[in-house]
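Student: Structure below; questions to follow.
The values are calculated or read from the model by the stated rules, or taken from the named source; none is laboratory data. Everything numeric in this text was worked out from a predicted model, so none of it was measured. Note: ideal-geometry Cβ built from the backbone for every residue, glycine included; neighbour counts use all protein chains shown.
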Amino acid sequence: MKKNALSLLFISVALSGCGANIPSCGDPEAKGMVQGLVSDSILREIADPEKSLIKQQMRLDVLEPTVVAKDEKLPSFSCEAKVKYDYGKSKMDNLKQIFKDEKSLPGVFLQWRLLIGQATSGDKMGLLMRLQAEKQSKNVAEVKEMVNLVNRAFNRSYKSADEVFADPKLVGEMMVLQQQVMQALNRGDKEANENMQIIREMMDLALPDGDDTTIQIPIKYTIRKIDGDGAKFKIELVANPKQINAIQNAEMIPFAAKENARMEAAINAGNTVPAQPAPEAAPQVAPQVAPQVAPQVAPQAAPQAAPQAAPKAAPSAPAPDATKGQPAATGSQSSPKKSTSGESNPQDVMKAFGDLVKGMPK
């Protein structure tokens, strides 16, 4: 669902009907067709399965239809009305609960931006850097979820983190993303602010006040005969796209919250078992084996070997500074084996990006 109607002053959709005479603005047939046009406008940029679910629950009505002008020669009517859009109590209660949970809101809004096709360059780079970090820390559950998010953000079908970072096409895209993120940082108005504007419009235009579950949208529509066919007429609806988009966004928030909760549950379930028991077992075995093999000759060699092995193994597993762009240095040591045709690979780009971000003034 890509949001592009905000660039237009109005959206216009139409339906055709049949009849000996054109219906007036408040005619039941005309009102029914206007309801269908409003419904189609709200759903037109939403994909299934969300589209079908929203359509099943949608409740709207055309109120106060008024004739603004009438042309007897065409003939035609110019009309104004209000559309009453009812979210229902259960959906409004759910939306209020979602916005109260401030801890989960960042994840909800990320899922929401992915659903509506508004993921920022910062979102995409952040997902790749987090995937790289979780890949190094061997968090299987989180790696799987991050791969899914990367697929949605880039419209891909990667099956693993290794496949993500072996894709040569990703290098060029990440170069562009890096430039976009740095431009946003230099301007001091990160891309997230642009999405916050959409959120504010959604809150102001689409969500009712207090305990109300309904909003009213002013609309205009025309009803006229189709030239050359006296038995057909056409109804054309003109509506403000900001209000239509605001309703679309509000309807998508519960789906984003549900997906975020599912992802968090999957990650938490994957983290219930300690992910790194092996490093603790190795030091216990080594001291017992070495004294038995060479009790007199190797007392000095064995203590030197064990302390040197442990410090080198420990830092490479946890990757604690993933979000700062540092884990790319570890990943880039193995990636050249997979990428031999190009000069750069995704890990190199992420490392360079991380180094640039660390050097930026805050």
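Student: In the stretch 71-85, what residues are more than 40 Å from the chain's Cα centre (by Cα), of a type outside the set (S, T, Y) and assigned to a strand (DSSP E or B)?
Tutor: D71, F77
Student: Now, a different point. Inside the stretch 105-152, can you point out the residues that are surrounded by 19 or more Cβ atoms within 10 Å (Cβ to Cβ), among the small types (G, A, S) and under 8 Å from the mean Cα position of the chain (by Cα)?
Tutor: A119
Student: I'm trying to understand the selection: among the residues of the stretch 21-34, which are closer than 12 Å to L63 by Cα and surrounded by fewer than 16 Cβ atoms within 10 Å (Cβ to Cβ)?
Tutor: Within the stretch 21-34, G26, P28, G32 meet the criteria.
Student: Hey, another quick one. Kindly indicate the residue of the stretch 157-171 that is of a type in the set (A, V, I, L, M) and more than 15 Å from K144 (Cβ to Cβ) and also farthest from the chain's Cα centre (by Cα) among those meeting that condition.
Tutor: A166
Student: Moving on. List the helices (runs of 4 or more DSSP H) that sit entirely inside the stretch 150-248 and contain at least 3 residues that are of a type in the set (K, R), more than 30 Å from E72 (Cβ to Cβ) and modelled with pLDDT of 90 or more.
Tutor: Output list is empty.
Student: Output the number of residues of the stretch 30-65 satisfying the condition of being charged (D, E, K, R) and over 18 Å from I116 (Cα atoms).
Tutor: Residues that pass the stated criteria total 4.
Student: Follow-up question, since we're still on this one. Within the stretch 36-56, count every residue that is out of contact with any strand residue (DSSP E or B) (no Cβ under 8 Å at 6 or more places or on another chain), in a helix (DSSP H, G or I) and exposed (fewer than 14 other Cβ atoms within 10 Å of the Cβ).
Tutor: Number satisfying all stated conditions: 2.
Student: Under the condition of being within 13 Å of P254 (Cβ to Cβ) and touching a residue at least 24 places away in the same chain (Cβ under 8 Å), which residue from the stretch 57-103 is surrounded by the most Cβ atoms within 10 Å (Cβ to Cβ)?
Tutor: Taking the candidates together, the pick is Y87.
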